[in-house]
1. With a ≥ b ≥ c the root eigenvalues of the C-alpha gyration tensor of the range 82-139, is it rounded (a/c under 1.5), prolate (a/b larger than b/c) or oblate?
2. Taking other Cβ within 10 Å of each residue's Cβ, how do Val166, Val60, Val140, Val223 sort, fewest first?
3. Defining a contact as two alpha carbons under 8 Å apart and six or more residues distant in sequence, what relative contact order in percent does the range 10-124 show?
4. Treating cross-link reach as a plain straight distance, find the lysines whose alpha-carbon is under 19 Å from the alpha-carbon of Lys188, omitting any fewer than eight places away in the same chain.
5. Relative to the present Cα-Cα distance, how much length would full extension add between Gln125 and Arg103 at 0.36 nm per residue of separation?
6. Provide the per-residue ³J(HN,Hα) series for the range 288-302, in order, calculated from phi with Karplus coefficients 6.51, -1.76, 1.60 and θ = phi - 60°, each as a whole number of Hz, with x at glycine and proline positions.
7. Take the alpha-carbon centre of the range 167-242, take the same for the range 18-90, and report the distance between them in whole Å.
8. Please report, in debye to the nearest 20, how large the charge dipole of the chain is about its Cα centre when each Lys and Arg carries +1 at its beta carbon and each Asp and Glu carries -1 there.
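Read-outs throughout are calculated quantities, based only on the coordinates presented, and are distinct from any laboratory measurement. Since this is a predicted model, take the numbers as computed values, not measurements. A quick note on method: Cβ atoms are made from the backbone with ideal geometry, for glycine too, and the neighbour counts reach across all protein chains shown.
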Amino acid sequence: MHYLDFERPIAELEGKIVELRKLAEDDPTMDIDGDVARLTSRAEQLVRDTYTHLTPWQKVLVARHPERPHFLDYARSMFEEMTPLAGDRSFGEDQAVIAGLARFRGRPIAFLGQEKGNDVKTRLQHNFGMAMPEGYRKAVRLFELANRFGLPVLSFCDTSGAYPGVSAEERGQAEAIARSIEAGLALKAPFIATVIGEGMSGGAIAIAAANRVYMLEHAIYSVISPEGASSILWRSADKAQDAATALKITAQDLLQLKLIDAVVSEPEGGAHRAPIEAIESVADQIARGLSELDGQSGEQLLRARREKFLAMGRNL
């Protein structure tokens, strides 16, 4: 397991447990049950205490954890009969955004999500989850298809931001993001977005202008990354930890500010420690959200979504 810097005390305890078990394998006469039980109890308590009092910067690190489940992990577990849709019908295919049709608990839906990849090969394939304009134009295609057939849309945000390169700007990155937000707001079908890791900048909001926006307990969601804010405000990335606190990027802060609708609890120690449990919790929350939106007409859904976003910040 990959341990973060603040998890070193946990790593030491769990390392001792591994060492004891290896010694017992070499010498079957050793009685280690009592020692292992005590160390396990201490490690579990330490994990619990650590993750109950995470700072905003520590949550940033957890949201970026390399072993945290990514969109395709959720899709493969939650969806049946997945049919991916490729290309933007204008320039090409962008695998940073995965979109298509599927069934969620027996119900036909349209889905889209940002995929970062799990190793060097897949991270390069998915451009580390940073979408090009064609990725957002693919999202617009999906929104239009869902609108035509009245399919609920489920989106999953996990990006450090839209790709900022010259090639993306040349092909209209800002316009593509704006069109995607516009198409999401215009949907006359239920639309639920979930921030499963990082939800940074317009790269995330482009697929999250939804009726319901949920966040995992240790996910982050902001107009800019802490490093980006630090570089702008302090002319250095060294103040990223201060920026993370000032930006109010945690799920708990955003729920209090009424910018999201619910926080999905993660297993103790984060989603990377028990990905199947985390994915099931997200699926249950989405199912509840769809149930809440069922029975509303297209016009009601559109009006409620518009009012939701217009109301943001009024009472701050």
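1. Oblate, since a/c reaches 1.5 and b/c is not below a/b.
2. Val166, Val223, Val140, Val60
3. 17 percent
4. Here the lysines satisfying the reach criterion relative to Lys188 are Lys138, Lys308.
5. Here the segment from Gln125 to Arg103 would lengthen by 5.3 nm.
6. Using θ = phi - 60°, the values come out as 5, x, 4, 4, 5, 8, 4, x, 8, 6, x, 5, 5, 5, 5 Hz.
7. Answer, in whole Å: 26.
8. That gives the chain a dipole magnitude of about 1460 debye.
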